[in-house]
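Engineer: Have a look at this one before I ask anything.
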Amino acid sequence: DASVAALAEAGVPVRGSLLHAVGTHAAVADAILAEAAAIGAAVIVLGSDTRRGGITAHIASRAPCHVLVLNPAAGALGAGADTDASRIWAA
């Protein structure tokens, strides 16, 4: 909710929904997909799935819109990385 409010305050046309779902990983992913379809989402924003269930992968492979996966360990979006990018792209 705070992220949606911050984006709206910055003038970004945004609408968000926080969904609480219980069940198997597939059932939770399907509930998120159904909610996204119901509100006509242009993008689904998720945190990385650190469990073995693959909820994020399930959603990304079935979503009718873009899926953005954020790494919570990287800090706030837009805060900048504390990493040397040249090391990331080095072969």
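The values are calculated or read from the model by the stated rules, or taken from the named source; none is laboratory data. This is a predicted model, so every value here is computed, not measured. Cβ coordinates were reconstructed from backbone atoms using ideal geometry, including for glycine residues, and neighbour counts include every protein chain displayed. Protein only, heavy atoms only, side chains kept; ligands, DNA and RNA dropped before computing areas. Shrake-Rupley method; radii C 1.70, N 1.55, O 1.52, S 1.80 Å.
Engineer: Give me the accessible area per residue for segment 1-63, probe 1.4 Å, as a whole number in Å².
Structural biologist: Value returned for segment 1-63: 70 Å² of accessible area per residue.
Engineer: At a 10 angstrom cut-off on C-beta neighbours, averaged per residue, how do the peptides 29-36, 55-62 rank from highest to lowest?
Structural biologist: Going from most to least packed, we get 29-36, 55-62.
Engineer: Right, something else. Roughly to the nearest percent, how much of the accessible area of segment 1-73 is carbon and sulfur, given a 1.4 Å probe?
Structural biologist: Ligands and nucleic acids excluded, carbon and sulfur give 58 percent.
Engineer: To continue, here is another question. Which cross-chain or sequence-distant (5 or more) residues have an amide H under 5 Å from the amide H of Ile44, H modelled 1.01 Å from N in plane?
Structural biologist: The list, which skips near neighbours in sequence, is His66, Val67, Leu68.
Engineer: Follow-up question, since we're still on this one. Mind listing the long-range amide H neighbours of Asp49? Cut-off is under 5 Å, sequence gap 5 or more, other chains count too, H placed in the peptide plane at 1.01 Å from N.
Structural biologist: Correct list: Thr56.
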